[in-house]
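**Q** Provided herewith is a single structure, encoded as structure tokens, for subsequent inquiry.
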Amino acid sequence: MGKYFGTDGIRGIANRFLTCDFCCKIGKSISYYLNKNNIEKKPIKIIIGKDTRLSCDMIESSLIGGISSFGCDVELVGIVPTPAIPFFVKKYSADCGIMISASHNSYEFNGIKVFGKDGYKLSDDQEIEIEKNIDSNIDNHMADFDEIGIVTKNNFACDRYIDYIENIFEKEQFSFKVGVDCSNGSSSRTAFKLFTKLGIDCHIIDDLPDGKNINNKCGSTYIENISNYVIQNKLDFGVAFDGDADRCILVDQFGNVIDGDFILCIISKYLKDKNSLNKNFLVMTTMTNMGVIKYCKDNNINTIITDVGDKNVLEKMIECGYNLGGEQSGHIILKDYSTTGDGQISALYIMKILKDYGKSLFEVSSGIKKYPQLLYNIVLTDIRDKNILEEEYIKSLINSLSNELADNGRIVVRPSGTEPIIRVMVEGKDSDIIKAIAEKIVEKIKKGLNI
């Protein structure tokens with residue numbers, strides 16, 4: 001992680017960290033970077049989309065000011081899912097795409113995710129260069145009054161994105177009864193239209209955004225909502241998206257949670273059966289449950305582990321030529337269809353698998369057995385407090401407890417790349433043991449932070 005960029009863009013509380021002035025500087029810095037590398041000296045176009053947060057319009061306006069002041073054109077696509085942005089970048093031959101969203105975070109947070117002209121999130125080196133621009137005085141490179149960038153609106157972009165996904169699955173014509181929790185976010189604009197076009201009997205909840213209710217006790221981070229809804233309405237299964245719809249979590253007809261780990265198992269097994277799992281490898285992260293790794297081993301599927309963050313997963317996929325990877329949180333990258341996680345494509349691909357197998361979601365997931373896993377979040381008052389993890393007494397405790405677990409479990413303690421939080425994850429065969437271990441670590445960290 002850099003000074004400003006975390007594991008998924010630049011993120012913070014709107015109007016405190018993400019102020020108008022700072023967002024304008026980000027817009028300038030991105031534009032300066034693009035101008036500097038514009039060998040062909042052609043007009044530069046940047047596409048901007050957003051989710052449903054109260055602060056999105058403010059941040060969008062600030063970005064526009066910075067970008068246009070450096071002579072770059074802006075095309076606004078409005079409220080769309082994050083994965084729509086790389087699609088638009090390639091479809092409309094743009095030089096860059098920006099999504100204004102803090103994904104699964106509550107409404108006071110917002111973020112700026114940046115995609116290159118190839119549709120992929122920026123590399124670490126590119127992010128570092130943009131960060132240097134933010135901290136430098138680059139205003140002497142602003143455009144003259146007659147070269148200011150032009151701003152246009154594309155009112156049909158969202159429909160084009162829906163059409164793209166519909167075309168992937170147009171031959172399927174599903175007949176499922178599905179509950180869909182839109183988290184009062186971006187999928188409120190797309191899910192019902194897309195799913196009904198494909199024959200799905202779609203029961204939508206949490207699709208009335210008001211600027212403040214995004215991810216508020218709904219969506220993929222509050223799965224109880226869709227779980228109860230599916231049971232009460234006797235639906236085939238349910239889908240819950242996060243605020244920008246780049247990830248999804250499912251529930252079966254009994255309300256059992258099918259998280260990203262389960263989804264990866266189901267899709268990798270299906271692709272292997274079809275001889276379509278590139279090099280027979282699945283990419284996962286350090287948060288992946290040990291039971292999932294065992295499932296893959298039992299099914300002769302090779303696995304490779306990266307650091308947390310869908311960008312890290314994708315980089316490994318590109319490097320090695322793999323076509324499937326993802327995270328427990330529900331970021332699933334089907335590289336044959338998208339350059340980033342796409343919750344709607346993931347959900348529809350699971351439906352395709354259920355249709356082809358002629359089985360329920362409960363049936364295809366019943367053979368996957370996960371180890372007990374506990375996750376504790378320690379909220380920080382100052383982001384710099386994450387440095388406590390470098391203290392020797394914390395490292396020593398974690399190493400000692402890891403040795404106690406040996407091959408019967410594991411410990412992952414890390415700072416979040418998207419929030420001011422330290423995450424403590426302990427996993428193992430014995431629930432009582434992992435609970436005791438997790439509590440020891442949390443207590444030691446909190447004591448060190450005087451919490």
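**Q** Ratio of the range 91-235's C-alpha Rg to 2.2 N^0.38 Å, to two decimals? Don't skip to the answer; put the middle values down first.
**A** On the way: Rg = 19.8 Å, N = 145, 2.2 N^0.38 = 14.6 Å.
The range 91-235 yields a ratio of 1.36.
**Q** Sticking with this structure for a sec: Taking the range 165-240, how much of its Cα-Cα pair set, in percent, is spaced more than 16 angstrom apart?
**A** On the way: 1387 of 2850 pairs.
More than 16 Å apart: 49 percent of the Cα pairs in the range 165-240.
**Q** Note down the nm distance, to one decimal, between modelled labels 7 Å out along Cα→Cβ at residue 447 and at residue 129.
**A** Using points 7 Å along Cα→Cβ, the separation is 4.8 nm.
**Q** Same structure again: 5 Å is the cut-off here: which amide hydrogens, built 1.01 Å from N in the peptide plane, fall below it relative to residue 282, excluding neighbours closer than 5 in sequence?
**A** Excluding prolines and chain starts, which carry no amide H, the hits are 302, 303, 304.
**Q** Calculate the dipole size of the chain relative to its Cα centre from +1 charges on Lys and Arg beta carbons and -1 charges on Asp and Glu beta carbons; express the result in debye to the nearest 20. Walk me through the numbers on the way to the answer.
**A** Working: 54 positive and 63 negative charges, 141 e Å.
Roughly 680 debye for the chain.
**Q** In whole Å, largest first, what are the principal axis extents of the Cα atoms in the range 86-138?
**A** Computed over the range 86-138, the largest-to-smallest principal extents equal 32, 30, 19 Å.
**Q** Dividing the alpha-carbon radius of gyration of the range 55-162 by 2.2 N^0.38 Å (N being the number of residues), what value is obtained?
**A** Details: Rg = 14.4 Å, N = 108, 2.2 N^0.38 = 13.0 Å.
Rg over 2.2 N^0.38 Å, computed on Cα atoms: 1.10.
**Q** What's the magnitude of the charge dipole for the range 154-261 around its Cα centre, counting Lys and Arg as +1 and Asp and Glu as -1 at the beta-carbon? Answer in Debye, nearest 20. Walk me through the numbers on the way to the answer.
**A** Details: 10 positive and 18 negative charges, 50 e Å.
Here the size comes out at about 240 debye.
**Q** If you bin the C-alpha pair distances of the range 344-451 every 5 Å from 0, what whole percents do you get?
**A** Taking every Cα pair in the range 344-451, the percentages come to 2, 11, 18, 16, 12, 10, 9, 9, 7, 4, 1, 0.
**Q** Next up: What share of the DSSP beta bridges in the chain is antiparallel, in percent to the nearest 5? Display every interim value, and only then the final one.
**A** On the way: 35 of 65 bridges.
If I count the DSSP bridges inside the chain, around 55 percent turn out antiparallel.
**Q** Restricting everything to alpha-carbon atoms, can you work out Rg to Rh for the range 14-64 with a Kirkwood hydrodynamic radius? Working shown, then result.
**A** Details: Rg = 12.7 Å, Rh = 12.0 Å.
Across the range 14-64, the Cα-based Rg/Rh ratio is 1.05.
**Q** Then there is this: Once the convex hull of the alpha carbons of the range 391-444 is built, what does its volume come to per residue, in cubic angstrom? Walk me through the numbers before you get to the answer.
**A** Values: hull volume 4.4 nm³, N = 54.
Given the Cα convex hull of the range 391-444, per-residue volume reads 81 Å³.
**Q** Oh, and also: Of 358, 323, 334, which is farthest on the positive side of the dipole of the range 297-390, counting Cα position, with +1 on Lys and Arg Cβ, -1 on Asp and Glu Cβ, and the Cα centre as origin?
**A** 358
**Q** List the trypsin sites (Lys or Arg not before Pro) in the range 347-436 that DSSP assigns to loop (not H, G, I, E or B) and whose Cβ has at most 12 other Cβ atoms within 10 Å. Which are they? Walk me through the numbers on the way to the answer.
**A** On the way: sites: 352, 355, 359, 369, 370, 384, 386, 395, 410, 423, 429, 435; in loops: 359, 369, 370, 429.
Of the trypsin sites (Lys or Arg not before Pro), the ones in loops of the range 347-436 whose Cβ has at most 12 other Cβ atoms within 10 Å are 369.
**Q** Here's something else I'd like to know. Counting other Cβ atoms within 10 Å, keep those with at most 14, restrict to DSSP loop, and tell me which trypsin sites (Lys or Arg not before Pro) in the range 192-239 are left. Please report the intermediate quantities before stating the final value.
**A** Working: sites: 193, 197, 212, 217, 234; in loops: 212, 217, 234.
In loop regions of the range 192-239 (DSSP not H, G, I, E or B), the sparsely surrounded trypsin sites (Lys or Arg not before Pro) are 212, 217, 234.
**Q** On to the next question. Cα extents of the range 272-359 along the three principal axes, largest first, in whole Å?
**A** Largest to smallest, the principal-axis extents are 35, 28, 23 Å.
**Q** If you don't mind, there's one more thing I want to ask. Quick one: grab Rg to one decimal and Dmax as a whole number for the range 371-415, Cα atoms only, in Å.
**A** Rg, Dmax (Cα atoms, Å): 12.2, 35.
**Q** Once you wrap a convex hull around the alpha carbon atoms of the range 1-40, what is its projected area averaged over all directions, in nm²? Kindly include the intermediate steps, with their values, before the conclusion.
**A** Details: hull surface 13.9 nm².
Its average projected convex-hull area is 3.5 nm².
**Q** To continue, here is another question. Grab the beta carbon distance between residue 382 and residue 201, set R0 = 41 Å, and tell me the FRET efficiency rounded to 0.05. Provide the component values of the computation, followed by the final result.
**A** Values: r = 49 Å, r/R0 = 1.20.
The calculated FRET efficiency here is 0.25.
**Q** Per the Kirkwood formula on distinct C-alpha pairs, the Rh of the range 241-314 is how many angstrom? Could the numbers behind the result be given before it?
**A** Numbers: mean 1/r = 0.0756 Å⁻¹.
Final number for the Kirkwood radius of the range 241-314 is 13.2 Å.
**Q** Per the helix-only calculation at 222 nm, which mean residue ellipticity applies to the chain, given -39500 (n - 2.57) for every DSSP H run of n ≥ 4 and division by its residues, nearest 500 deg cm²/dmol?
**A** Details: 14 runs with 166 residues, N = 451.
Helix-only estimate at 222 nm: -11500 deg cm²/dmol.
Rule-based calculations on the coordinates, nothing more; no lab input. A quick note: this is a predicted structure, and the numbers were derived from the prediction, not measured. Positions of Cβ are backbone-derived with ideal geometry, glycine not excepted, and every protein chain shown enters the neighbour counts.
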